[in-house]
Structures are given as C-alpha cells and as structure tokens.
1. Step by step: first the residues of the stretch 571-585, then only those that are among the hydrophobic types (A, V, I, L, M, F, W, C) and open to solvent by 10 Å² or more (accessible area, probe 1.4 Å), then the one that is nearest to residue 532 (Cα to Cα). Which residue is that?
2. Criterion first (within 24 Å of residue 195 (Cβ to Cβ) and in contact with a helix residue (DSSP H, G or I) (Cβ under 7 Å, 6 or more places away or on another chain)) does residue 88 satisfy it?
3. How many residues are without any contact (Cβ under 8 Å) to a residue 60 or more places away in the chain and under 25 Å from the mean Cα position of the chain (by Cα) when one looks only at the stretch 307-335?
4. Suppose we filter the stretch 318-369 for residues that are part of a loop (DSSP other than H, G, I, E, B) and touching a Cys at 6+ places or on another chain (Cβ under 9 Å); how many remain?
5. Restricting the search to the stretch 629-645, which residues are more than 16 Å from ligand 2 (Cβ to nearest atom) and either out of contact with any Phe, Trp or Tyr (no Cβ under 9 Å at 6 or more places or on another chain) or not assigned by TED's automatic domain parsing to the domain that holds residue 583 (or both)?
6. Please list, ordered by first then second residue, the pairs with beta carbon atoms under 6 Å, 6 or more apart or interchain, first in the stretch 492-504 and in a loop (DSSP other than H, G, I, E, B), second surrounded by fewer than 18 Cβ atoms within 10 Å (Cβ to Cβ).
7. In the stretch 508-557, what residues are open to solvent by 30 Å² or more (accessible area, probe 1.4 Å) and within 14 Å of ligand 2 (Cβ to nearest atom)?
8. Here is a check on your reading of the model: is residue 139 surrounded by 13 or more Cβ atoms within 10 Å (Cβ to Cβ) and not aromatic (Phe, Trp, Tyr)?
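The values are calculated or read from the model by the stated rules, or taken from the named source; none is laboratory data. What you see is a predicted model, and the numbers here were worked out from it, not measured in a lab. Cβ sites come from the backbone with ideal geometry, for glycine too, and all protein chains shown count toward neighbours. For accessibility, only protein heavy atoms count, side chains too; no ligands or nucleic acids. Shrake-Rupley method; radii C 1.70, N 1.55, O 1.52, S 1.80 Å.
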Amino acid sequence: MRYHRWRENVFLGRSDFLFSKVPHIVAGLYALVSAVWIAFSDRALVSLVGGYSQYQHLQTYKGWLFVSVSALVMFLFLQSAWKAILAAYETALESERRLELALASADGGVWELNLAEGQETIAFVSPQLTARLGLTPTQRLTMDELLRRRHPDDVERVDHTFEDFIKSGGTRSYEDRYRVRANDGSYRWVHSRGNIVSHKDEIALRMVGVSLDITEQMEAQERVRQLLRYDPLTGLAKQQKFLSDIDDALTRMSSGGMLGIVQVKLLDLDRFISDSETLEDAMIVRIVGDRLQALAEAGLTASRVSTDIFAIATPALKTPEAVQNSMRQVLSVFSKPLQVDDRCVRLRFQMGGALFPQDGDNAHILLRNSGLALGKADRTADAGIRWFTEGLDTESRKRNDRLRNLANAVANGEIECHFQPIVDLATGQTAGFEALARWRRRDEGLVPPDQFIGAAEEFGLISEIGEDILKQACHAAAQWHAGSEPAPFVAVNVSPIQLDDPVFPAVVARVLAESGLSPSRLELEITENALANDPEVAAQRLTTLRRLGISIAIDDFGTGYSSLSLLSRFPFTRLKIDGSFVAGYGQRHEPTVIVDMIIDLCRHLDLSMTAEGVETSKQAELLSAKGVTLAQGYRFSRAVPVENAPALLRTNWPVEMEFKPRNRLQPPSGMRSCGSLTAAVPGRED
Ligand code: C2E
Ligand code: CA
Ligand code: CA
C-alpha cells in the first residue's frame, strides 16, 4: 500500500515536503556518515590494534570496507527507487492507453488549451477528434479555426458558458454541447468537459478536457422530438407545437392586430380510425396535408390536431376582411375536389372558428373556442364557418358546471319527478302518468333529462338517480288512488345500466313495499338498446320483474336495435310507439306505414300500445281508430310537477271521435278504459 502511494507520488509529482527532499536527505546522510567515519575510524582502529605499524597495514582495508558498504547501500536504494519509477511509468502508460480506448469507443478524444498568454490557444487535440471534422492527422486545428467552425446558433451560448467558467476560476468543471462544422459542410455535435489545471500561484495556465462526438445521439433525440411535434402522415405540426407557434405569433403581434383560428373536421373518415396508411382515407388526409403545407407561403399555420380534424391559423392581420380573405384560402383547400386513385373525391366537412382578440387572448383558448364552434357546426352546411359566440362558451361552462354538481344532485334533493298524463283515447280520462326526471338548479331552473341522463350514465350516477325517480313516482302514485277503479298507473323509465345491475329487481321490490304501491300499477319502460348487450340476462331480469306483477313496456320502439324476435322473447306487456313516427302519422307515407305495421304486430302479439308525442287531435283520432288505446303528448299535457298530477286525474281530455274505432285492443288489467268521452276540454300546457 505504502509502495503504491510512493509510486503514485513519483508518477504524479506530488510533493509532500519529506518526499521532495529525499535527494538532500540521502546526500546529507552520506556526508554525515563519511565525516563520522573519517573523524573516528582512524582513532578507533589505532586503539583496536594497539600500534601504528598495524594500523597502517589495516588502513587500506578500512578504505575498501567504506567503499564497499556505501556502494552496497547506494545500490539497494537506487534499485528500489528505479523499480518504483518503472512501475509508476508503466501504470501511467496503461491508464493513458485505457483513457484513449475509452474515448475512442465513445467517439471522443482529449484536448488541452493554453490559457497562460491571456488568450486561449490549442496546445493539443487528439487526432481522433480532428479526424471527425475531416482533418488529416498532420493538420493542426487552431483556436481561430475552431471558433470559425462553430454553428452560428451556438456561438453566443458557448461563449457565455466559457466566460462564466473562466470567471469561476476553475472551481467547477466546464461542460457544454455545441455544433462544429466538418470539412464536408455537415455539423457534428460535440460534448466537451474540462478542468483548469492551476499552478501553485493560482493563475490558470492550462485547461485539460475530453470531447465526445454525440452527433448520432442528438440526431436520434431530434427524430423523437420531430415525432412528438409533427404528424408523420402529413408532416403538419401536432397540437402542442401549433399552440406554441400561435402563442409566439400573438406575442410578436403589434396592437390592433387580428388573427383567426379555424378547425375543420372531415366527415366520412370513419374507416381511417384503423390508422393504416394504405387506405384511401390516409391518401385523402395526405393530400389535404400537402395543400395545407402550401398555405405556409401565405403565412397561414396548419396543424393536424386529431385523426380527422385540422386547425389552421391566419397570420397577424389588420382587418376582418383580411381574415376573411385568408379563410377563403382555407376553404378552397377543402372544397376543391381531390384526385385519389383516378377518382375525383369531394370532401364533406364542417368548420368552426374563433378570432383573436375577441374570442380569446391565447392560442389554447382560441383553439378550445373554435372547437366549441365546430361542435355546433351544421353537418349539412359544408361551405360555411360556424364562428364562436359567447353563448357557446356559457353553454360549455354550464355543461362542465353541471357535471361537477350532478354527483350531489340526489343528495341535495334537486332531482324532481314530473308526470305526463297518459290518456285513454276511448274515455278521455287519465289512465296513468309517465314519470320524467327534471333537475332543478338554483340559477338555471329546470334542466331537461336529455341534458343530464347521458352524463349520469357515463359517470355512474344513473342508478342513484333512477332509484330516486322510482321512489318519487311510486310514492306519488300511491297517493293518487282514492279507492275508485281503475287505479291510475305510473310508468318509470329504466336505463340500460340499471337493468344490467343484478340487484335491480330487488331494488324495485323494496321501493314498492316502502311506498305501498301495488305492483300492478307500476310499469317500467325499457328501450330496445337495454336488451342488446346481453339478451339472456335482460330476459331473466325482466321475467323476475314480471313475476312481481310489474308491467314492462318497450319504449321508443322502432328507433333502436330492433328485431321482431325480440318482442316475443321478452315478457313485454306494452309497446310505446315512438313520437317520431306519430308526428308524421296520417300525413306522410313512411311513418303511416310503419305505425300501421307496429299496430298490426302488437295485435298479433297481444301487446297493448301507447302512442307517444301526440300533438294534434287528428293524430289522436287516427290512432284511436286504428285501435291504439293510450296516448300521451302535448295535445293533452306536458309533464307537470307532482302536486298538479291529481287535478289531471279528474280531467276529461278532448278526444273527438268522428267514427267509432274497430278492433279496439284492451289495455292490461289495472289500466282499463272506462267508457266513452264527449266533453271537449282544451289541452293544458305547463
Ligand atoms: P321518453 O322516455 O321517450 O319520454 C318522452 C319524452 O317526450 C319526454 O321528454 C316528453 O316530455 C316528450 N314529449 C311528450 N309529449 C311530447 C309531444 O307531444 N311532442 C314532443 N315533441 N315531445 C313530447 P323528456 O321529459 O325531455 O325526456 C326525454 C327523455 O329522457 C325520455 O324520453 C327518457 O328517455 C329520458 N328520461 C326522462 N326521465 C328519465 C328517467 O327518470 N330515467 C331515465 N333513464 N331516462 C329518463
Ligand atoms: Ca319513456
Ligand atoms: Ca319514449
């Protein structure tokens, strides 16, 4: 260990005081021993041998002894020192070889700068490094030459880093990355690290370091960055890059400037979802991409923000007319027919736009608002841009706000059940009610179900809301029955998600028991879509509910997943003819045929019917004549709050019959019609 330290000291020139004085000590010791020898050896010899004559004889041997001993000591010392020097030299040589090998394998080399003359000069640079720039081993790289070869974009930063490093006096390492031009004109990326080697008077004399060629690594990084920033199919910027470019443009914009952002959604690109570039859709997207790239010449910036949506921004402009002109160029990109595989393709698209400064002060908001406008764009109106309005913003804010609050709506008692009367067309009396959910919000009033039921299904809140409505409906219906027959029924909508839940029949049974409502007075309305997922399970669940004595209606019939076999496989008691068919009944051929067909089907399967969306007396009359027993719609009444329902039970609705219907179907037990009606009472609107 000590030997190693010593060897290390020899190699590295470490000068701890004693070590640096070894020659002095050796020479001093030699002089001292010699002086002592000269001074005392003669006297010691005389007293030892006892006389001068013997002493003279032995003096020669004494001289030889001195020479031999000192030569031996000298030899042993020098041999040991020489061994150490040789070993240290070999170690140094070895580690230098290793460093060179390591640097060569890392595409690097060493260098040394001379800092002594106040101006840096290159004292040494590995030929491995200069070879990478295309220099021959005999060509020297000077400092001026190196400075000239730096990439113009790096010069300022590199100078700054170097100055900082020199100012620090070498208290920390120098490190930087920069590009240097090679003889072939290409740039090589270099990563340099170095340290100042100071003299003991603390003035920086030399700087020694290593440099690695990191061109391949930087190019790979750049390729990844490009992939993240640019769409590989069209070469257009992706959303993030687009947003930062627009923000840059807005920062540079002088006051009074305008800028428009438009988003264009290509319709009919469903097949492209597979992302295969061989498809025709991919070719369409690529052609559109090329056309949008060409807009860059006119200062427009384009991006592919999603599979089928492009965003395009105008340059900074002075007037609305200039923005419009710019937008016209965008329109022509999409409206001009494209040639795809010898076929002429005309694109269908929608456009939504937003303007700086009125619709947003940064790229993110402008893009969001143009997206909101796009969401409202008319599918049929190809050539127009739907511009953002403040109303859209309020609408989207409202929607987000609602979603946040929906979770607490039931707990806060905000979900209200309203009741729309279902009228017996034969008697004009209210046979029952459909329970329809409403969300009462403090600032907005009543929110209709199509604005929150979908979200409730999406966010897992529908079971809670559905059960709440079921409770309210059953409790209300239990109050309606004053002992007279037939007792009015209540129809409650059931979401497919509720039906999916194995505990749903038990929930219904519990609610019925709690409210005291007879199961025969409850009808559950199920849409066709609720049966599509797992028909076996749905059939089982509905059979359980039927066994409880509950009626089951198929809602919105004809609008969803329908098959005739469905009707016979499930234990339905009633079919609700969708309002969209009723609207055209007796006026247009198609709905008339469909409704007649449904009526025949119900007759065949022995199902009762409710016609929805009955808005006119004519519709009510025609349907009644065809044998439809029950109807609901604005012709009679909209849904009313719970407290207004009992009054509607006493109302005689106006159903004027010009002729007596034939083949009338009987409503199921508990929902029977009761006599004929003649009184004409005006329909109520709430
Ligand atoms: P739906 O089950 O088809 O309910 C009938 C819808 O038609 C109701 O809309 C009703 O107000 C409306 N309507 C009634 N008569 C007429 C008419 O003469 N003309 C027109 N144009 N419409 C009429 P509402 O209340 O907005 O409900 C919309 C949908 O929301 C319902 O359609 C139902 O699918 C769903 N919904 C309502 N309440 C609930 C609920 O408690 N649970 C579930 N899962 N869905 C519900
Ligand atoms: Ca319904
Ligand atoms: Ca319906």
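1. Here is the first cut: in the stretch 571-585, the ones among the hydrophobic types (A, V, I, L, M, F, W, C) are 572, 575, 577, 581-583.
Then keep just the ones that are open to solvent by 10 Å² or more (accessible area, probe 1.4 Å); that gives 572, 581, 583.
Values: 572: 15, 581: 22, 583: 27 Å.
Here the residue is 572.
2. On the way: within 24 Å of residue 195 (Cβ to Cβ): yes; in contact with a helix residue (DSSP H, G or I) (Cβ under 7 Å, 6 or more places away or on another chain): yes.
So residue 88 fits the description; yes.
3. 3
4. Residues of the stretch 318-369 part of a loop (DSSP other than H, G, I, E, B): 318-319, 336-337, 341-342, 346-348, 357-362.
Adding the requirement that they be touching a Cys at 6+ places or on another chain (Cβ under 9 Å) leaves 337.
Here the count works out to 1.
5. Matches in the stretch 629-645: 629, 643.
6. As it stands, the answer is 495/457, since those pairs meet every condition given.
7. Those that are open to solvent by 30 Å² or more (accessible area, probe 1.4 Å) and within 14 Å of ligand 2 (Cβ to nearest atom): 527, 529, 556.
8. Numbers: surrounded by 13 or more Cβ atoms within 10 Å (Cβ to Cβ): yes; not aromatic (Phe, Trp, Tyr): yes.
Yes: the conditions hold for residue 139.
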